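What follows is one structure encoded as structure tokens, with my remarks underneath.
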Amino acid sequence: MAKRLTLELVTPELAAFSGEGDSVVLPAWEGEMGVLPGHAPFLVQLKPGAVRLRDGDETRLFAVSGGFAEIRDDKVSLFAETAEMAEAIDGERARQALERAQAELKRKEADSLTMANAEAALQRALVRLKVAELRKGRRR
Amino acid sequence: MASLRDLRRKIKSVTSTEQITKAMKMVAAARMRRSQSAIIAARPFAVKMEELISSLEEERRALLSSGEAPAGVRAFFESPAEGEAGLILITADKGLCGAFNTVLLRAALDWLRGRKGKVHLALVGRKGRDFLRRLKGLDCEVEIELAGIFPRVGFQHAEVLGKAVLDAYAQKGLARWDVIYNEFKSAAQQRLVRRTLLPLAAFGSEPAPAFNGGPRPAELGYEPDYEALLSALLPRFVKAELYRMLLESQAAELSARMNAMDAASKNAAELRDTLNVQANRQRQAMITKEIAELVGGAEALAA
């Protein structure tokens with residue numbers, strides 16, 4: 001049997017996902033990075049973007065908002081502030097969230113907490129939209 | 001002696017107080033369970049973070065001793081011995097939770113007494129903020145105030161708090177950041193914790209745990225380079241720590257409130273019982289008196 005990879009997604013609020021596959025593609029700092037079983041131990045910073053886990057003919061997509069990935073013993077551990085499965089993303093909702101966040105950022109008088117919240121929401125929505133589009137593209 | 005009417009009024013008020021405290025206890029209990037599971041859910045992330053950083057320990061030592069460490073990284077571990085200090089005080093937003101806030105405020109006063117010169121403050125929770133605002137003659141600079149975040153603490157709060165704390169640390173040459181908060185020990189117990197958040201000391205003292213026979217850190221590949229990675233990792237680590245503390249404090253507050261309200265309900269029930277007995281006694285005394293008067297009147301007529 002061919003060697004397999006384990007992918008583990010961990011966020012501060014919960015352990016989001018854990019599963020197996022044949023290969024993982026990460027949005028690494030200096031460009032996308034593919035990981036196959038038997039990869040050398042590696043520590044990499046991630047950019048906000050899409051993580052792809054391929055398992056046979058199936059590909060699972062996740063949206064992550066930056067973070068780190070550690071590759072060790074055929075195991076990819078991913079730490080991100082937020083991570084979501086593509087299936088859980090609602091494109092329309094993400095678009096609304098994006099608009100809301102943009103509107104929020106335009107209001108000058110908002111205090112620092114709401115500003116930071118809005119900024120984070122904006123980033124999240126952008127990544128979500130990107131991943132949702134990727135998913136659509138694959139279906140066609 | 002209070003009249004029967006007064007007693008009845010009092011019984012009514014005690015009963016409704018009892019109902020309220022009971023309801024508050026239920027709410028606190030339900031929320032505590034939720035925040036307990038939030039702590040557990042946050043644990044893997046914090047553990048992994050710690051592992052990651054300690055796996056970089058060797059490189060860090062080499063980097064620091066070579067004197068080539070970038071200022072941004074170095075500051076996390078070493079800081080000027082002489083400098084202003086900062087305090088992160090995590091209190092509750094609301095009262096009615098026993099000694100929870102009092103203990104914190106007393107510890108904060110202690111801390112302030114031990115400082116000379118200006119202090120920097122990061123205040124989480126309305127109680128701590130209001131208290132320190134009322135203090136006169138305190139030479140302080142408030143870096144950030146977070147009020148009204150309980151009982152729905154999210155990582156974004158830790159993010160905002162961490163950013164303010166780190167900015168102040170880096171830009172204003174602070175010697176240290178201390179934290180005072182309550183830790184959740186069990187549903188019945190909270191423990192006051194005083195510790196130093198920055199500079200990070202924990203990793204220097206204890207040896208890096210062996211990684212289940214995994215490769216030594218030196219064999220790890222990095223992208224981007226080690227320094228950039230570490231300076232991106234450390235702030236996140238600090239924020240993860242803060243997040244954990246916020247969650248702990250939240251669970252501790254809720255459990256303290258649960259206990260306080262439980263005690264209040266019990267007291268109210270006891271008080272209600274005593275008042276009931278008193279009222280019944282008076283009522284009976286009145287009836288007895290009336291009967292005695294009737295009997296006396298009848299006897300007078302018959303005579």
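Coordinate-derived values only; no laboratory data. Quick caveat: nothing in here was measured; it's all calculated off a predicted structure. Counting neighbours? That spans all protein chains shown, and the Cβs are built from the backbone with ideal geometry, glycine included.
Residue exposure proxy: B:R31, B:R5, ordered by other Cβ atoms within 10 angstrom of their Cβ from fewest to most, comes out as B:R5, B:R31. Beta-bridge orientation, chain B: approximately 35 percent antiparallel, per DSSP, counting only bridges with both partners inside. Taking every alpha-carbon pair in segment A:5-86 and binning the separations at 10 Å intervals from zero gives 21, 60, 19, 0 percent. Per residue, chain B reaches -22000 deg cm²/dmol at 222 nm when only DSSP H runs of four or more residues are counted, each adding -39500 (n - 2.57).
Using the Cβ of B:A168 as centre and a radius below 10 Å, the other residues enclosed give a net charge of -2, where K and R count +1 and D and E count -1. The chymotrypsin sites (Phe, Trp or Tyr not before Pro) of segment A:1-45 include none that meets both conditions, a loop assignment by DSSP and at most 13 other Cβ atoms within 10 Å of the site Cβ. A simple spin-label model places the labels of B:A263 and B:A300 5.6 nm from each other, with each point 7 Å out along Cα-to-Cβ.
Share of pairwise Cα-Cα distances greater than 28 Å in chain B is 54 percent (whole percent). Partners of B:K172 within straight-line reach, counting lysines whose Cα lies under 22 Å from its Cα and excluding those fewer than 8 residues away in the same chain: B:K116, B:K118, B:K163, B:K239.
Rounded to the nearest 0.05, what FRET efficiency do B:D225 and B:L96 give with R0 = 45 Å and r taken as the Cβ-Cβ distance? Could you check? So the FRET efficiency works out to roughly 0.30.
Using the Cβ of B:R152 as centre and a radius below 13 Å, the other residues enclosed give a net charge of -1, where K and R count +1 and D and E count -1.
Cross-link reach is defined here as a Cα-Cα straight distance under 14 Å, omitting same-chain residues fewer than 8 places apart; for A:K75 the aspartates and glutamates meeting it are A:E8, A:E20, A:D22.
Here's the list of aspartates and glutamates a cross-link from B:K12 could span, going by alpha-carbon distance under 14 Å and ignoring same-chain residues fewer than 8 apart: B:E270, B:D273.
The Stokes-Einstein estimate for the protein assembly as shown, based on a Kirkwood radius over Cα pairs and taken at 37 °C with 0.692 mPa s viscosity, is a diffusion coefficient of 128 µm²/s. Counting other Cβ atoms within 10 Å as a rough exposure proxy, the listed residues B:K185, B:K163 run B:K185, B:K163 from fewest neighbours to most. Estimated at 0.36 nm per residue, the fully extended path between B:D6 and B:V47 surpasses their Cα-Cα distance by 8.8 nm.
Extending 7 Å from the Cα toward the beta-carbon at both A:L14 and A:L36 defines two label points whose distance is 3.5 nm. Helix B:155-171 and the longest principal axis of the Cα set of chain B meet at an angle near 50°. Loop-located trypsin sites (Lys or Arg not before Pro) in segment B:93-145 (DSSP state not H, G, I, E or B) with no more than 11 neighbouring Cβ atoms inside 10 Å: B:K116, B:K136.
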